[in-house]
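Readers should treat all values here as calculations from the given coordinates under stated rules, not as data from a laboratory. All of these numbers come straight from a predicted model, not from anything done at the bench. Note that each Cβ is placed from the backbone with ideal geometry, even for glycine, and that neighbours are counted across all protein chains shown.
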């Protein structure tokens, strides 16, 4: 693939114009609000980033339920440009669906946040089954590590060609992994923990994790195109953006074949900006959980897991006040709470945020990676909204 498509970028700036059409308008149920100078500043910044081939993807900003900015830049794949209906791999933003599923089962009295892992799943050693609680899994304090760094996991996982192989095979790897610390005594971001939560959803509900999320999270939220598409579908469906990962040479390469056959409870469902707006409205509007359990899910519980340090040569930033919730992370930025989740993988960077104090929602989905961090537009939007 030609990695820089400057001839297309100018045209693509109009593909997400500030017009209430198609899926974007449907997400908000309203026309676009007048555009402020601050929003125009974000728009100009994204345009400049895209012109330098420093951003590819789609973004949607909404204020008080109304879309104010929708843009798409770059190529989804060889067949289509990115647009408002393009599906992007979500990476870890998928964890929000898993957290909501657990909260629904807790609301129904079928799962307890204080319940141990062994209450719901068999086959784990006693040191894990009897000490790791659902609370620990949700807050990255379980002591379970990162699935993708488990010896031999990726080599075997890339050979799996069935949904059940991915789900059950990943769970089996986690069963054979020792705890890194006593549950509750430390904090480390854990894909393994969220995979286990998905396995609990399946065991308790009697449905596959994927079917449960489709029926109880996506469908009630009106998320009509979000799903767990398989790797073959990723290859052939022109609606789905391919992941273009930055190589040591600086070029970008399509890395679909480095991803699992299907996403897991920890990452890689596929969504659109409009569908994530629908998710925000459904979650904040108590359509997925009652008001009490919405609060339980979105309120801070513990300090968030440690974040990577700054790149070499850069001074460390003043840490923000923040908390890990049951799924999202909530940060206090310029005296405004910002609650959501980000995600990243080779060729993927995603960000979903809700601003309850000022009633903003931002969705930024990209099929580029950005040296281990979010695209600069994420920080630009946050800085403008919280100024």
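A Förster radius of 30 Å combined with the Cβ-Cβ distance from residue 215 to residue 79 puts the calculated FRET efficiency at roughly 0.45. Largest GNM mean-square fluctuation among 103, 50, 126, using the chain with Cα springs under 10 Å: 126.
Structure remark: mean-square fluctuation, Gaussian network model of the chain, C-alpha springs under 10 Å; the largest value among 249, 205, 190 belongs to 249.
Take every pair of alpha-carbon atoms less than 8 Å apart whose residues are at least six positions apart; their mean separation over the length of region 90-189 yields a relative contact order of 28 percent. Extension gain, residue 236-residue 332: 0.36 nm per intervening residue step, less the Cα-Cα distance, totals 30.4 nm. Could you work out how far helix 37-51 tilts from the main Cα principal axis of the chain, as a 0 to 90 degree angle to the nearest 10? Approximately 90 degrees, to the nearest 10.
Cβ crowding within 10 Å ranks 58, 36 as 36, 58, fewest other Cβ atoms first.
To test your reading of the geometry: what angle, between 0 and 90 degrees and rounded to tens, separates the Cα axis of helix 163-175 from the longest principal axis of the chain? The angle comes out near 60 degrees.
Does region 84-200 come out rounded, prolate or oblate by the C-alpha gyration tensor, with a ≥ b ≥ c the root eigenvalues, rounded set by a/c under 1.5 and, if not, prolate when a/b is larger than b/c and oblate if not? Working shown, then result.
On the way: a/c = 1.59, a/b = 1.15, b/c = 1.38.
It is oblate, given that a/c is not under 1.5 and a/b is not larger than b/c.
For the pair region 133-196 and region 207-239, the centres of their Cα atoms are 22 angstrom apart.
Using only Cα atoms, find the angle between the long axis of helix 376-386 and the longest principal axis of the chain, and express it within 0 to 90 degrees, rounded to the nearest 10. That works out to roughly 90 degrees.
The slack in the chain from residue 172 to residue 149, taken as 0.36 nm per residue of separation less the alpha-carbon distance, amounts to 6.8 nm. Packing here is the average count of other Cβ atoms within 10 Å per residue, and on that basis the peptides 63-72, 229-238, highest first, run 63-72, 229-238.
Can you compute the helix-only [θ] at 222 nm over the chain? Use -39500 (n - 2.57) per DSSP H run of at least 4 residues, normalise by all residues, nearest 500 deg cm²/dmol. Write out the running numbers ahead of the final one.
Values: 15 runs with 130 residues, N = 387.
Result for the chain: -9500 deg cm²/dmol, rounded to the nearest 500.
Comparing 327, 198, 222 in a Gaussian network model of the chain (Cα springs below 10 Å), the most mobile by mean-square fluctuation is 222. Secondary structure note: in the chain, about 95% of the DSSP beta bridges are antiparallel.
A straight line joining the Cα centroids of region 320-335 and region 77-96 runs 25 Å. Look at the alpha carbon pairs under 8 Å that are at least 6 residues apart: their mean separation over the length of the chain gives a relative contact order of 22 percent. With a cut-off of 14 Å on the backbone N, the residues of region 130-157 near the modelled label site 7 Å out from residue 302 along Cα-Cβ are 131-145.
Per-residue packing, averaged as other Cβ atoms within 10 Å, sorts the ranges 354-362, 156-164 into the order 354-362, 156-164, beginning with the highest.
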